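Inspection log for the structure reproduced underneath, given as C-alpha coordinates.
The values are calculated or read from the model by the stated rules, or taken from the named source; none is laboratory data. From a predicted model like this one, the values you see are computed outputs, not experimental measurements. Cβ atoms come from the backbone with ideal geometry, glycine included; neighbour counts cover every protein chain shown. Please note that ligands, DNA and RNA were not included when accessible areas were found on the heavy atoms of the full protein model with its side chains. Shrake-Rupley method; radii C 1.70, N 1.55, O 1.52, S 1.80 Å.
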Amino acid sequence: MMKNPFQGYQIWFITGSQHLYGEEILSEVEEDSRRIAEGLNLSEQVPVEIVFKRIVTTSQEILQVSREANMDGQCAGIVLWMHTFSPAKMWIAGLRELRKPFAHLHTQFGRAIPWETIDMDYMNLHQSAHGGREFGHMVSRMRMNRQVIVGHWQDAAVQTELGSWVRVVMGYTEARTMKVARFGDNMRNVAVTEGDKVAAQERFGYLVDGYGIGDLKAEIDRVTEAQADALVEAYARDYVLSPECQPQGPRHLTLRNEAKIEIGLRTFLEKGGYTAFTTTFEDLHGLPQLPGLAVQRLMADGYGFGAEGDWKTSAFTRICKVIGYGKPGGTSFMEDYTYHFSDSGDKVLGAHMLEVCPSIAKEKPLLSVQPLGIGGKDDPARLIFTAASGPALNASLIDLGGRFRLVVNTVDTIEPEQQLPRLPVACALWEPRPNLSVAAAAWIYAGAAHHSVYSRNVSAEQLEMLAAMWDIEMILIDKDANLRQIRQELRWNEAAYR
Ligand code: MN
(Lines give C-alpha, C1' and ligand atoms only; values in the text may rest on other atoms or scores of the structure.)
Protein backbone atom coordinates (compact mmCIF):
# COMPACT_ATOMS: atom_id res chain seq x y z
CA MET A 1 0.00 0.00 0.00
CA MET A 2 1.23 3.42 -0.93
CA LYS A 3 1.48 5.91 1.94
CA ASN A 4 -0.79 8.94 1.53
CA PRO A 5 1.46 11.62 0.00
CA PHE A 6 -1.16 14.36 0.53
CA GLN A 7 -1.05 14.06 4.32
CA GLY A 8 -0.14 17.28 6.09
CA TYR A 9 -0.67 19.57 3.10
CA GLN A 10 -3.15 22.35 2.40
CA ILE A 11 -4.15 24.52 -0.52
CA TRP A 12 -4.72 28.15 0.45
CA PHE A 13 -7.67 30.08 -0.87
CA ILE A 14 -7.08 33.81 -1.14
CA THR A 15 -9.54 36.39 -2.38
CA GLY A 16 -8.58 39.59 -4.14
CA SER A 17 -10.65 42.72 -3.65
CA GLN A 18 -10.25 46.42 -2.78
CA HIS A 19 -11.63 49.03 -0.38
CA LEU A 20 -13.71 50.99 -2.87
CA TYR A 21 -17.01 49.37 -1.95
CA GLY A 22 -16.89 49.72 1.84
CA GLU A 23 -16.65 47.35 4.80
CA GLU A 24 -20.10 45.89 4.37
CA ILE A 25 -19.33 44.54 0.91
CA LEU A 26 -15.98 43.19 2.13
CA SER A 27 -17.61 41.25 4.94
CA GLU A 28 -19.98 39.69 2.40
CA VAL A 29 -17.01 38.91 0.17
CA GLU A 30 -15.39 37.12 3.08
CA GLU A 31 -18.53 35.12 3.78
CA ASP A 32 -18.85 34.17 0.09
CA SER A 33 -15.19 33.10 0.04
CA ARG A 34 -15.67 30.83 3.03
CA ARG A 35 -18.68 29.22 1.41
CA ILE A 36 -16.80 28.59 -1.83
CA ALA A 37 -13.86 27.03 0.03
CA GLU A 38 -16.29 24.85 2.01
CA GLY A 39 -18.07 23.86 -1.19
CA LEU A 40 -14.82 22.85 -2.83
CA ASN A 41 -13.87 20.81 0.23
CA LEU A 42 -17.11 18.87 -0.06
CA SER A 43 -16.14 17.71 -3.54
CA GLU A 44 -14.67 14.21 -3.71
CA GLN A 45 -12.58 15.43 -6.64
CA VAL A 46 -10.50 17.74 -4.44
CA PRO A 47 -8.05 15.52 -2.50
CA VAL A 48 -6.38 18.16 -0.30
CA GLU A 49 -8.04 20.57 2.13
CA ILE A 50 -8.73 24.04 0.75
CA VAL A 51 -8.18 26.57 3.52
CA PHE A 52 -9.62 30.06 3.17
CA LYS A 53 -6.92 32.45 4.41
CA ARG A 54 -8.21 35.96 3.90
CA ILE A 55 -9.25 38.75 1.59
CA VAL A 56 -6.40 40.90 0.37
CA THR A 57 -7.07 44.51 -0.58
CA THR A 58 -3.68 46.24 -0.68
CA SER A 59 -0.26 45.69 -2.17
CA GLN A 60 1.16 45.23 1.35
CA GLU A 61 -1.38 42.55 2.25
CA ILE A 62 -0.73 40.66 -0.98
CA LEU A 63 3.02 40.78 -0.44
CA GLN A 64 2.54 39.62 3.13
CA VAL A 65 0.36 36.62 2.24
CA SER A 66 2.76 35.62 -0.57
CA ARG A 67 5.62 35.59 1.90
CA GLU A 68 3.57 33.56 4.37
CA ALA A 69 2.73 31.02 1.65
CA ASN A 70 6.38 30.73 0.67
CA MET A 71 7.39 30.08 4.27
CA ASP A 72 4.58 27.72 5.20
CA GLY A 73 5.59 24.08 4.84
CA GLN A 74 1.98 22.91 4.77
CA CYS A 75 0.94 25.22 1.95
CA ALA A 76 1.46 23.32 -1.31
CA GLY A 77 -0.34 25.75 -3.60
CA ILE A 78 -2.75 28.64 -3.76
CA VAL A 79 -6.14 29.26 -5.32
CA LEU A 80 -6.69 32.93 -6.13
CA TRP A 81 -10.11 34.35 -6.75
CA MET A 82 -10.84 37.94 -7.76
CA HIS A 83 -14.19 38.49 -6.14
CA THR A 84 -14.38 42.16 -6.93
CA PHE A 85 -12.23 44.31 -9.11
CA SER A 86 -8.74 44.05 -7.57
CA PRO A 87 -6.54 46.57 -9.39
CA ALA A 88 -3.59 44.52 -10.53
CA LYS A 89 -0.74 46.88 -9.76
CA MET A 90 -1.47 45.77 -6.19
CA TRP A 91 -0.45 42.26 -7.21
CA ILE A 92 2.99 43.04 -8.65
CA ALA A 93 4.99 42.95 -5.43
CA GLY A 94 3.32 39.81 -4.09
CA LEU A 95 3.38 37.87 -7.34
CA ARG A 96 7.04 38.71 -7.84
CA GLU A 97 7.87 36.95 -4.59
CA LEU A 98 5.37 34.11 -4.75
CA ARG A 99 7.09 30.77 -5.17
CA LYS A 100 4.17 28.38 -4.74
CA PRO A 101 2.13 27.18 -7.74
CA PHE A 102 -1.22 28.89 -8.07
CA ALA A 103 -4.51 28.52 -9.86
CA HIS A 104 -6.68 31.44 -10.85
CA LEU A 105 -10.23 30.35 -10.15
CA HIS A 106 -12.30 32.51 -12.47
CA THR A 107 -15.70 32.08 -10.90
CA GLN A 108 -18.37 34.19 -9.25
CA PHE A 109 -20.41 33.48 -6.15
CA GLY A 110 -23.91 33.52 -7.65
CA ARG A 111 -24.59 31.18 -10.48
CA ALA A 112 -27.42 32.75 -12.52
CA ILE A 113 -28.31 36.41 -12.86
CA PRO A 114 -31.43 37.15 -10.74
CA TRP A 115 -33.18 38.98 -13.56
CA GLU A 116 -35.97 40.48 -11.45
CA THR A 117 -33.88 41.75 -8.58
CA ILE A 118 -30.44 42.47 -9.95
CA ASP A 119 -29.24 45.91 -8.87
CA MET A 120 -25.91 47.64 -8.39
CA ASP A 121 -25.34 45.95 -5.00
CA TYR A 122 -25.59 42.57 -6.69
CA MET A 123 -23.29 43.76 -9.47
CA ASN A 124 -20.70 44.94 -6.92
CA LEU A 125 -20.60 41.46 -5.41
CA HIS A 126 -20.29 39.77 -8.81
CA GLN A 127 -17.38 41.40 -10.54
CA SER A 128 -15.11 38.47 -11.38
CA ALA A 129 -15.94 38.83 -15.05
CA HIS A 130 -13.83 41.98 -15.23
CA GLY A 131 -11.84 41.60 -11.99
CA GLY A 132 -10.40 38.29 -13.18
CA ARG A 133 -9.36 39.84 -16.47
CA GLU A 134 -7.49 42.67 -14.77
CA PHE A 135 -5.65 40.16 -12.58
CA GLY A 136 -4.96 37.81 -15.51
CA HIS A 137 -3.41 40.63 -17.48
CA MET A 138 -0.83 41.20 -14.80
CA VAL A 139 0.04 37.51 -14.43
CA SER A 140 0.50 37.20 -18.18
CA ARG A 141 2.47 40.41 -18.31
CA MET A 142 4.78 39.04 -15.61
CA ARG A 143 5.15 35.83 -17.67
CA MET A 144 4.04 33.65 -14.78
CA ASN A 145 2.64 30.18 -15.22
CA ARG A 146 -0.67 29.41 -13.58
CA GLN A 147 -3.78 27.36 -14.18
CA VAL A 148 -6.86 29.38 -15.14
CA ILE A 149 -10.03 27.50 -14.18
CA VAL A 150 -13.27 28.98 -15.47
CA GLY A 151 -16.83 28.18 -14.45
CA HIS A 152 -19.22 28.21 -11.53
CA TRP A 153 -17.55 26.80 -8.40
CA GLN A 154 -20.37 24.33 -7.79
CA ASP A 155 -20.07 22.76 -11.25
CA ALA A 156 -18.60 19.27 -11.32
CA ALA A 157 -16.33 20.17 -14.25
CA VAL A 158 -14.77 23.06 -12.30
CA GLN A 159 -14.27 20.95 -9.18
CA THR A 160 -12.77 18.15 -11.27
CA GLU A 161 -10.33 20.49 -12.97
CA LEU A 162 -9.39 22.04 -9.65
CA GLY A 163 -8.91 18.58 -8.12
CA SER A 164 -6.70 17.53 -11.06
CA TRP A 165 -4.63 20.64 -10.59
CA VAL A 166 -4.31 20.04 -6.83
CA ARG A 167 -2.96 16.55 -7.58
CA VAL A 168 -0.39 18.04 -9.93
CA VAL A 169 0.60 20.54 -7.24
CA MET A 170 1.23 17.56 -4.96
CA GLY A 171 3.41 15.90 -7.61
CA TYR A 172 5.29 19.16 -8.02
CA THR A 173 5.68 19.44 -4.24
CA GLU A 174 6.93 15.85 -4.04
CA ALA A 175 9.51 16.55 -6.77
CA ARG A 176 10.85 19.51 -4.80
CA THR A 177 11.75 17.41 -1.79
CA MET A 178 12.18 13.82 -2.94
CA LYS A 179 15.38 11.82 -3.14
CA VAL A 180 16.36 9.11 -5.63
CA ALA A 181 18.77 6.32 -4.62
CA ARG A 182 20.80 5.18 -7.58
CA PHE A 183 22.43 1.76 -7.23
CA GLY A 184 25.25 1.57 -9.72
CA ASP A 185 25.68 3.88 -12.66
CA ASN A 186 24.03 4.23 -16.01
CA MET A 187 23.97 1.25 -18.40
CA ARG A 188 27.14 1.53 -20.42
CA ASN A 189 26.83 3.34 -23.75
CA VAL A 190 23.15 4.21 -23.31
CA ALA A 191 22.42 7.89 -24.02
CA VAL A 192 18.84 8.74 -23.11
CA THR A 193 19.01 7.48 -19.54
CA GLU A 194 21.89 9.88 -18.84
CA GLY A 195 21.40 13.52 -17.97
CA ASP A 196 22.46 16.47 -15.91
CA LYS A 197 21.57 15.69 -12.30
CA VAL A 198 22.48 19.17 -11.14
CA ALA A 199 20.20 20.75 -13.77
CA ALA A 200 17.44 18.34 -12.76
CA GLN A 201 17.79 19.36 -9.13
CA GLU A 202 17.64 23.04 -10.06
CA ARG A 203 14.57 22.51 -12.24
CA PHE A 204 12.58 19.82 -10.40
CA GLY A 205 14.13 19.86 -6.93
CA TYR A 206 14.89 16.18 -6.39
CA LEU A 207 18.28 14.92 -5.31
CA VAL A 208 19.91 11.87 -6.90
CA ASP A 209 22.31 10.03 -4.61
CA GLY A 210 24.60 7.34 -5.99
CA TYR A 211 25.42 4.20 -4.01
CA GLY A 212 27.71 1.27 -4.59
CA ILE A 213 25.87 -2.02 -4.69
CA GLY A 214 27.88 -3.10 -1.62
CA ASP A 215 25.93 -0.60 0.49
CA LEU A 216 22.72 -2.37 -0.50
CA LYS A 217 24.23 -5.81 -0.04
CA ALA A 218 25.17 -4.93 3.54
CA GLU A 219 21.52 -4.11 4.27
CA ILE A 220 20.32 -7.32 2.59
CA ASP A 221 22.81 -9.37 4.64
CA ARG A 222 21.18 -8.09 7.82
CA VAL A 223 17.78 -9.58 6.91
CA THR A 224 16.87 -12.52 9.17
CA GLU A 225 15.44 -15.87 8.10
CA ALA A 226 12.29 -15.12 10.11
CA GLN A 227 11.76 -11.87 8.16
CA ALA A 228 12.20 -13.75 4.89
CA ASP A 229 9.73 -16.45 6.01
CA ALA A 230 7.06 -13.88 6.78
CA LEU A 231 7.46 -12.14 3.44
CA VAL A 232 7.38 -15.39 1.46
CA GLU A 233 4.06 -16.14 3.18
CA ALA A 234 2.77 -12.76 2.05
CA TYR A 235 3.81 -13.58 -1.52
CA ALA A 236 1.70 -16.75 -1.36
CA ARG A 237 -1.29 -14.66 -0.30
CA ASP A 238 -0.87 -11.87 -2.84
CA TYR A 239 -0.01 -13.89 -5.95
CA VAL A 240 -0.49 -17.19 -7.70
CA LEU A 241 2.71 -19.15 -7.04
CA SER A 242 4.04 -21.16 -9.95
CA PRO A 243 4.95 -24.78 -9.04
CA GLU A 244 8.71 -24.12 -8.90
CA CYS A 245 8.16 -21.37 -6.29
CA GLN A 246 6.07 -23.52 -3.93
CA PRO A 247 7.66 -24.42 -0.57
CA GLN A 248 8.82 -27.81 -1.87
CA GLY A 249 9.62 -26.52 -5.36
CA PRO A 250 13.13 -26.31 -6.83
CA ARG A 251 13.14 -22.49 -6.91
CA HIS A 252 11.81 -21.78 -3.47
CA LEU A 253 15.28 -20.70 -2.34
CA THR A 254 15.35 -18.13 -5.13
CA LEU A 255 12.11 -16.73 -3.81
CA ARG A 256 13.58 -16.47 -0.32
CA ASN A 257 16.58 -14.64 -1.74
CA GLU A 258 14.26 -12.24 -3.52
CA ALA A 259 12.38 -11.66 -0.26
CA LYS A 260 15.66 -10.76 1.42
CA ILE A 261 16.47 -8.38 -1.42
CA GLU A 262 13.07 -6.75 -1.02
CA ILE A 263 13.41 -6.30 2.73
CA GLY A 264 16.98 -5.03 2.45
CA LEU A 265 16.09 -2.63 -0.35
CA ARG A 266 13.01 -1.34 1.43
CA THR A 267 14.95 -0.82 4.66
CA PHE A 268 17.71 0.98 2.81
CA LEU A 269 15.24 3.33 1.12
CA GLU A 270 13.30 3.99 4.32
CA LYS A 271 16.43 4.73 6.34
CA GLY A 272 17.65 7.20 3.73
CA GLY A 273 14.27 8.81 3.07
CA TYR A 274 14.27 7.75 -0.58
CA THR A 275 11.02 7.41 -2.52
CA ALA A 276 12.56 6.36 -5.83
CA PHE A 277 15.51 4.23 -6.93
CA THR A 278 17.30 2.67 -9.87
CA THR A 279 19.15 -0.58 -10.45
CA THR A 280 21.37 -1.81 -13.24
CA PHE A 281 22.07 -5.36 -14.35
CA GLU A 282 25.64 -4.25 -15.03
CA ASP A 283 26.35 -3.73 -11.36
CA LEU A 284 25.11 -6.59 -9.21
CA HIS A 285 28.31 -7.50 -7.42
CA GLY A 286 27.42 -9.46 -4.31
CA LEU A 287 23.71 -9.81 -5.15
CA PRO A 288 22.44 -13.25 -6.12
CA GLN A 289 20.18 -11.88 -8.86
CA LEU A 290 18.80 -8.74 -10.47
CA PRO A 291 15.96 -7.50 -8.25
CA GLY A 292 12.70 -8.21 -10.07
CA LEU A 293 9.82 -9.06 -7.77
CA ALA A 294 11.28 -6.69 -5.14
CA VAL A 295 11.23 -3.80 -7.60
CA GLN A 296 7.70 -4.61 -8.72
CA ARG A 297 6.42 -4.70 -5.15
CA LEU A 298 8.16 -1.48 -4.18
CA MET A 299 6.66 0.24 -7.21
CA ALA A 300 3.23 -1.02 -6.18
CA ASP A 301 3.86 0.63 -2.80
CA GLY A 302 4.46 3.98 -4.49
CA TYR A 303 8.20 3.99 -5.08
CA GLY A 304 9.54 5.39 -8.32
CA PHE A 305 11.76 3.12 -10.36
CA GLY A 306 13.95 3.28 -13.43
CA ALA A 307 16.02 0.39 -14.79
CA GLU A 308 19.58 0.60 -16.10
CA GLY A 309 20.35 3.61 -13.94
CA ASP A 310 17.50 5.67 -15.40
CA TRP A 311 17.06 8.16 -12.56
CA LYS A 312 14.91 10.58 -14.57
CA THR A 313 12.26 7.95 -15.29
CA SER A 314 12.51 6.72 -11.71
CA ALA A 315 11.82 10.17 -10.26
CA PHE A 316 9.09 10.78 -12.81
CA THR A 317 7.40 7.47 -11.97
CA ARG A 318 7.27 8.52 -8.33
CA ILE A 319 5.92 11.98 -9.21
CA CYS A 320 3.17 10.41 -11.35
CA LYS A 321 2.33 7.95 -8.58
CA VAL A 322 1.78 10.91 -6.26
CA ILE A 323 -0.42 12.70 -8.82
CA GLY A 324 -2.52 9.57 -9.35
CA TYR A 325 -2.62 8.54 -5.69
CA GLY A 326 -5.86 6.81 -4.75
CA LYS A 327 -7.24 6.89 -8.28
CA PRO A 328 -7.96 3.58 -9.99
CA GLY A 329 -5.68 2.47 -12.81
CA GLY A 330 -2.07 2.43 -11.63
CA THR A 331 1.25 3.76 -12.90
CA SER A 332 4.37 1.86 -13.91
CA PHE A 333 7.86 2.11 -15.30
CA MET A 334 7.58 0.92 -18.92
CA GLU A 335 9.52 0.25 -22.08
CA ASP A 336 8.35 0.05 -25.69
CA TYR A 337 9.44 -3.50 -26.43
CA THR A 338 8.03 -5.18 -29.55
CA TYR A 339 5.72 -4.12 -32.38
CA HIS A 340 2.71 -5.95 -33.72
CA PHE A 341 2.08 -4.74 -37.27
CA SER A 342 -1.42 -5.69 -38.22
CA ASP A 343 -4.22 -4.85 -40.64
CA SER A 344 -6.43 -4.15 -37.63
CA GLY A 345 -4.07 -1.41 -36.39
CA ASP A 346 -0.41 -1.49 -35.43
CA LYS A 347 0.28 -2.12 -31.77
CA VAL A 348 3.07 -1.94 -29.22
CA LEU A 349 3.87 -4.60 -26.67
CA GLY A 350 5.23 -2.79 -23.65
CA ALA A 351 7.26 -4.72 -21.09
CA HIS A 352 10.65 -4.86 -19.44
CA MET A 353 13.13 -7.50 -18.42
CA LEU A 354 11.29 -7.83 -15.10
CA GLU A 355 10.21 -4.52 -13.67
CA VAL A 356 6.60 -3.69 -14.48
CA CYS A 357 4.37 -2.49 -11.63
CA PRO A 358 1.45 -4.76 -10.68
CA SER A 359 -0.72 -1.67 -10.04
CA ILE A 360 -1.61 -1.85 -13.76
CA ALA A 361 -2.40 -5.58 -13.74
CA LYS A 362 -5.68 -6.94 -15.04
CA GLU A 363 -5.54 -10.10 -12.94
CA LYS A 364 -3.84 -11.56 -9.87
CA PRO A 365 -0.20 -11.86 -11.00
CA LEU A 366 1.65 -15.14 -11.39
CA LEU A 367 4.84 -15.34 -9.36
CA SER A 368 7.48 -17.28 -11.24
CA VAL A 369 11.24 -17.84 -11.43
CA GLN A 370 12.64 -17.93 -14.93
CA PRO A 371 15.99 -17.43 -16.65
CA LEU A 372 17.23 -13.96 -17.55
CA GLY A 373 19.58 -13.75 -20.52
CA ILE A 374 21.62 -10.81 -19.25
CA GLY A 375 23.35 -9.95 -15.99
CA GLY A 376 25.03 -13.35 -15.56
CA LYS A 377 23.29 -14.06 -12.25
CA ASP A 378 20.75 -16.51 -10.82
CA ASP A 379 17.33 -16.65 -12.42
CA PRO A 380 15.21 -13.87 -10.87
CA ALA A 381 11.70 -14.08 -9.47
CA ARG A 382 9.14 -11.87 -11.18
CA LEU A 383 5.42 -11.20 -11.37
CA ILE A 384 3.82 -12.04 -14.71
CA PHE A 385 0.53 -10.43 -15.75
CA THR A 386 -1.18 -8.54 -18.54
CA ALA A 387 -2.14 -4.90 -18.09
CA ALA A 388 -5.81 -4.00 -17.79
CA SER A 389 -7.27 -2.44 -20.91
CA GLY A 390 -8.50 1.12 -21.27
CA PRO A 391 -7.16 4.58 -22.05
CA ALA A 392 -3.62 5.18 -20.82
CA LEU A 393 -0.57 7.25 -21.64
CA ASN A 394 3.18 6.98 -21.93
CA ALA A 395 5.32 9.88 -20.82
CA SER A 396 9.03 10.41 -21.28
CA LEU A 397 11.08 13.13 -19.62
CA ILE A 398 14.35 13.72 -21.44
CA ASP A 399 17.41 15.89 -21.06
CA LEU A 400 18.22 17.61 -24.35
CA GLY A 401 21.43 19.16 -23.05
CA GLY A 402 20.58 22.58 -21.66
CA ARG A 403 16.90 21.89 -21.10
CA PHE A 404 14.33 19.20 -20.40
CA ARG A 405 11.43 18.08 -22.57
CA LEU A 406 8.38 16.06 -21.66
CA VAL A 407 6.81 13.92 -24.38
CA VAL A 408 3.38 12.35 -23.85
CA ASN A 409 1.57 9.87 -26.04
CA THR A 410 -1.99 8.83 -25.25
CA VAL A 411 -2.72 5.18 -26.01
CA ASP A 412 -5.51 2.64 -25.81
CA THR A 413 -4.48 -0.45 -23.94
CA ILE A 414 -6.21 -3.54 -25.28
CA GLU A 415 -6.50 -7.23 -24.58
CA PRO A 416 -3.96 -9.29 -26.52
CA GLU A 417 -5.71 -11.32 -29.24
CA GLN A 418 -4.18 -14.49 -27.83
CA GLN A 419 -2.45 -15.77 -24.73
CA LEU A 420 1.32 -15.27 -24.47
CA PRO A 421 2.14 -18.50 -22.63
CA ARG A 422 5.89 -18.33 -23.08
CA LEU A 423 6.37 -14.63 -22.31
CA PRO A 424 8.17 -14.64 -18.94
CA VAL A 425 7.40 -11.02 -18.01
CA ALA A 426 4.47 -8.68 -17.37
CA CYS A 427 3.27 -6.78 -20.41
CA ALA A 428 0.81 -4.22 -21.75
CA LEU A 429 -0.46 -4.15 -25.32
CA TRP A 430 -1.56 -0.79 -26.67
CA GLU A 431 -2.52 1.10 -29.78
CA PRO A 432 -0.92 4.52 -29.74
CA ARG A 433 -3.02 7.52 -30.70
CA PRO A 434 -3.57 8.58 -33.39
CA ASN A 435 -1.80 5.49 -34.77
CA LEU A 436 1.61 3.89 -34.53
CA SER A 437 3.08 5.52 -37.63
CA VAL A 438 2.35 9.09 -36.47
CA ALA A 439 2.93 8.40 -32.78
CA ALA A 440 6.26 6.62 -33.12
CA ALA A 441 7.56 9.10 -35.70
CA ALA A 442 6.58 12.04 -33.50
CA TRP A 443 8.07 10.36 -30.43
CA ILE A 444 11.34 9.77 -32.28
CA TYR A 445 11.48 13.28 -33.79
CA ALA A 446 10.96 14.62 -30.28
CA GLY A 447 13.90 12.55 -29.06
CA ALA A 448 11.87 10.76 -26.41
CA ALA A 449 13.19 7.66 -24.70
CA HIS A 450 12.53 3.93 -24.96
CA HIS A 451 11.80 4.07 -21.22
CA SER A 452 8.63 5.82 -20.12
CA VAL A 453 6.12 6.22 -17.35
CA TYR A 454 2.95 4.34 -18.24
CA SER A 455 -0.12 5.59 -16.43
CA ARG A 456 -3.81 4.94 -16.32
CA ASN A 457 -4.55 7.41 -13.53
CA VAL A 458 -2.65 10.50 -14.62
CA SER A 459 -4.00 12.48 -17.59
CA ALA A 460 -2.24 14.31 -20.40
CA GLU A 461 -3.91 17.50 -19.13
CA GLN A 462 -2.29 16.97 -15.75
CA LEU A 463 1.13 16.46 -17.30
CA GLU A 464 0.62 19.67 -19.25
CA MET A 465 -0.07 21.48 -15.96
CA LEU A 466 3.08 19.93 -14.49
CA ALA A 467 5.22 20.96 -17.46
CA ALA A 468 3.88 24.50 -17.04
CA MET A 469 4.77 24.54 -13.33
CA TRP A 470 8.26 23.38 -14.24
CA ASP A 471 8.40 25.77 -17.17
CA ILE A 472 9.51 23.02 -19.53
CA GLU A 473 8.11 22.17 -22.93
CA MET A 474 5.66 19.33 -23.45
CA ILE A 475 4.98 17.64 -26.75
CA LEU A 476 1.58 15.95 -26.80
CA ILE A 477 0.92 13.14 -29.24
CA ASP A 478 -2.79 12.38 -29.00
CA LYS A 479 -5.74 11.51 -31.21
CA ASP A 480 -5.48 14.87 -33.00
CA ALA A 481 -1.72 14.70 -33.54
CA ASN A 482 -0.45 15.88 -36.86
CA LEU A 483 3.14 15.04 -37.66
CA ARG A 484 3.83 18.18 -39.64
CA GLN A 485 2.52 20.38 -36.81
CA ILE A 486 4.54 18.50 -34.22
CA ARG A 487 7.72 18.91 -36.23
CA GLN A 488 6.97 22.65 -36.48
CA GLU A 489 6.30 22.78 -32.74
CA LEU A 490 9.65 21.13 -32.06
CA ARG A 491 11.34 23.73 -34.26
CA TRP A 492 9.54 26.64 -32.55
CA ASN A 493 10.34 25.25 -29.14
CA GLU A 494 14.02 25.58 -29.97
CA ALA A 495 13.41 29.33 -29.84
CA ALA A 496 10.71 29.42 -27.16
CA TYR A 497 12.62 27.35 -24.59
CA ARG A 498 16.15 28.30 -25.45
MN1 MN B 1 15.31 -0.84 -20.20
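Below is a table of values for the structure above.
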quantity: Cα gyration tensor shape for region 10-176, rounded if a/c is under 1.5, else prolate or oblate; calculated: oblate
quantity: Spatial extent of region 352-498: Rg and Dmax, with the Cα atoms as the point set, Å; calculated: 17.3, 51
quantity: Subset of LYS271/LYS362; LYS53/LYS100; LYS179/LYS362; LYS3/LYS327 violating a 22 Å alpha-carbon distance limit; calculated: LYS271/LYS362; LYS179/LYS362
quantity: Partner aspartates and glutamates for LYS321 [C-alpha distance under 12 Å; skip if fewer than 8 residues away on the same chain]; calculated: GLU174, ASP301
quantity: Helix 311-323 axis, angle to the chain major axis (alpha carbon atoms, nearest 10°); calculated: 50
quantity: Three-way shape call for region 411-498 based on the alpha-carbon gyration tensor, with the a/c threshold at 1.5; calculated: prolate
quantity: Solvent accessible area, Å² - LEU483, 1.4 Å probe, full protein context; calculated: 50
quantity: Inter-site label distance for TRP492 and THR338 at 7 Å from Cα along Cβ, in nm; calculated: 4.1
quantity: Helix 436-445 axis, angle to the chain major axis (alpha carbon atoms, nearest 10°); calculated: 80
quantity: Accessible-area composition of region 10-176, carbon plus sulfur, in percent [1.4 Å probe]; calculated: 50
quantity: Inter-part distance where region 370-396 and region 1-62 are each reduced to a Cα centre, Å; calculated: 45
quantity: Extended-chain gain in nm, criterion 0.36 nm per residue less alpha-carbon gap, GLN74 and LYS377; calculated: 104.5 nm
quantity: Hz values of 3J(HN,Hα) by residue in region 17-22 - Karplus curve (6.51, -1.76, 1.60), Gly and Pro given as x; calculated: 8, 7, 8, 4, 9, x
quantity: Percent of Cα pairs exceeding the 14 Å cut-off, where the set is region 359-399; calculated: 64
quantity: Straight-distance crosslink candidates among aspartates and glutamates, where the alpha carbon sits under 14 Å from LYS364 and sequence neighbours closer than 8 are dropped; calculated: ASP238
quantity: Estimated dipole of region 178-496 in Debye, rounded to 20 [Cβ of Lys and Arg +1, of Asp and Glu -1, Cα centre]; calculated: 260
quantity: Set of aspartates and glutamates with alpha-carbon distance to LYS347 below 16 Å, sequence-local pairs under 8 removed; calculated: GLU335, ASP336, ASP412, GLU415, GLU417, GLU431, ASP478
quantity: For the chain, accessible area per residue (1.4 Å probe, heavy atoms of protein chains only), Å²; calculated: 43
quantity: Carbon plus sulfur fraction of accessible area for region 314-378, probe 1.4 Å, in percent; calculated: 52
quantity: Relative packing of 301-309, 188-196, which averages over residues the other C-beta atoms within 10 Å, highest first; calculated: 301-309, 188-196
quantity: Dimensionless Rg over Rh [the chain; C-alpha; Kirkwood]; calculated: 1.03
quantity: Accessible area in the full protein assembly, largest first, 1.4 Å probe, for SER359, SER396; calculated: SER359, SER396
quantity: Local electrostatic count at THR386 - Lys and Arg +1, Asp and Glu -1, tallied over other residues with Cβ under 11 Å; calculated: -1
quantity: Distance (nanometres) between label positions extended 7 Å along Cα→Cβ at GLN201 and LYS3; calculated: 2.2
quantity: Helix 225-238 vs. the chain, principal-axis angle (Cα, 0 to 90°, nearest 10); calculated: 70
quantity: Sequence of LYS479, LYS364 from largest to smallest accessible area, 1.4 Å probe; calculated: LYS479, LYS364
quantity: Solvent exposure, largest accessible area first (probe 1.4 Å, DNA, RNA and ligands not counted), of SER437, SER33; calculated: SER437, SER33
quantity: Cα gyration tensor category, rounded, prolate or oblate, for region 276-430 with a/c compared to 1.5; calculated: rounded
quantity: Cut-off under 5 Å, modelled amide H: who pairs with LYS347 long-range; calculated: HIS340, PHE341, SER342
quantity: Helix-only CD estimate at 222 nm, as mean residue ellipticity for the chain, using -39500 (n - 2.57) per DSSP H run (n ≥ 4); calculated: -12000 deg cm²/dmol
